Amino acid sequence: MVRVWQEPDPTQAAVDLVPAGLTPEGFRHVFDGVDARDREVSLIHEDSIPLRLMAVFDVLVNNADRKGGHVLAMPDFHRYGVDHGLTFHVDHKLRTVLWGWLGSPLLEEEQSGVRRVQAVVDGALGEALSEHVTRAEISALARRCRALLAAGELPSPRDEYPVIPRPPF
């Protein structure tokens with residue numbers, strides 16, 4: 001395991017809770033709920049290319065635990081995704097707070113990235129991953145690449161299980 005310390009910018013929040021119905025410009029609404037003090041709130045995330053790319057990554061690796069606190073907002077506006085311990089399962093388990101683009105067409109940059117993963121999953125990438133995940137999980141990654149490209153859009157949540165990780169932060 002490799003760890004490099006990164007110091008997030010405390011003035012930025014890529015994923016946040018705001019009073020219900022008050023989604024600021026440049027952000028996407030995900031869902032409404034009630035906070036620990038019984039106040040109505042909305043979970044939002046920024047509408048940015050780095051976060052969209054993270055959402056595509058989460059679809060491909062089947063991330064079952066993309067919480068708000070797993071997105072580090074850096075001073076240079078880079079976004080790091082951390083804590084990927086619940087990924088690559090063969091069964092569909094996508095749980096994320098990054099649902100703000102559901103049904104949005106994939107951007108060319110996103111399609112290109114998925115194609116690059118698809119091109120190497122049966123080769124160098126699959127070989128490297130095989131030291132850490134099963135062959136079935138690698139095959140599932142390849143299927144998710146094909147399915148995402150065929151759909152041409154970011155997926156919507158399925159109704160068969162919880163789609164937001166608990167807790168969301």
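Mind checking which helices (runs of 4 or more DSSP H) fall wholly inside the range 83-169 and carry at least 3 residues that are out of contact with any Cys (no Cβ under 8 Å at 6 or more places or on another chain) and of a type in the set (Lys, Arg)? Write out each step before concluding.
Numbers: elements: 108-121, 124-129, 135-151.
Ranges flagged: 135-151.
If you take the residues in the range 108-126 that are among the charged types (D, E, K, R) and modelled with pLDDT of 95 or more, which one is surrounded by the fewest Cβ atoms within 10 Å (Cβ to Cβ)? Walk me through it before giving the result.
So in the range 108-126, the residues among the charged types (D, E, K, R) come out as 108-110, 115-116, 122.
From what is left, the residues that are modelled with pLDDT of 95 or more are 108-110, 115-116.
Working: 108: 8, 109: 12, 110: 24, 115: 11, 116: 12.
Looking at residues that are among the charged types (D, E, K, R) and modelled with pLDDT of 95 or more, I get 108.
Could you tell me whether any residue of the range 33-49 is surrounded by 15 or more Cβ atoms within 10 Å (Cβ to Cβ) and over 19 Å from residue 104 (Cα atoms)?
yes
Those residues that are more than 15 Å from the chain's Cα centre (by Cα) and surrounded by 13 or more Cβ atoms within 10 Å (Cβ to Cβ), I need them from the range 148-169; list them, please.
Listed by number, the residues that qualify are 149, 151.
If residue 142 satisfies all but one of (1) farther than 18 Å from residue 53 by Cβ; (2) free of Cβ contacts under 8 Å to residues at least 12 places away in the same chain, what's the number of the condition it fails?
It fails just one condition, (2).
How many residues are part of a loop (DSSP other than H, G, I, E, B) and not β-branched (Val, Ile, Thr) if we restrict to the range 72-82?
Going through the range 72-82 one residue at a time, the tally reaches 5.
Could you tell me whether the range 64-80 includes any residue that is surrounded by fewer than 20 Cβ atoms within 10 Å (Cβ to Cβ), at pLDDT 95 or above, of a type in the set (Ser, Thr, Tyr) and out of contact with any Phe, Trp or Tyr (no Cβ under 9 Å at 6 or more places or on another chain)?
Looking through the range 64-80, none of the residues is surrounded by fewer than 20 Cβ atoms within 10 Å (Cβ to Cβ), at pLDDT 95 or above, of a type in the set (Ser, Thr, Tyr) and out of contact with any Phe, Trp or Tyr (no Cβ under 9 Å at 6 or more places or on another chain).
Tally time: how many residues in the range 10-30 are assigned to a strand (DSSP E or B) and surrounded by fewer than 16 Cβ atoms within 10 Å (Cβ to Cβ)?
First, pick out the residues of the range 10-30 that are assigned to a strand (DSSP E or B): 15-19, 27-30.
After this cut, where a residue has to be surrounded by fewer than 16 Cβ atoms within 10 Å (Cβ to Cβ) as well, the list is 18-19.
The number of residues fulfilling the criteria is 2.
In this structure, does residue 119 turn out to be among the hydrophobic types (A, V, I, L, M, F, W, C) and either on the phi > 0 side of the Ramachandran plot or without any contact (Cβ under 8 Å) to a residue 12 or more places away in the chain (or both)?
Criteria met by residue 119.
The values are calculated or read from the model by the stated rules, or taken from the named source; none is laboratory data. Not measured: the values here are computed from a predicted model. Positions of Cβ are backbone-derived with ideal geometry, glycine not excepted, and every protein chain shown enters the neighbour counts.
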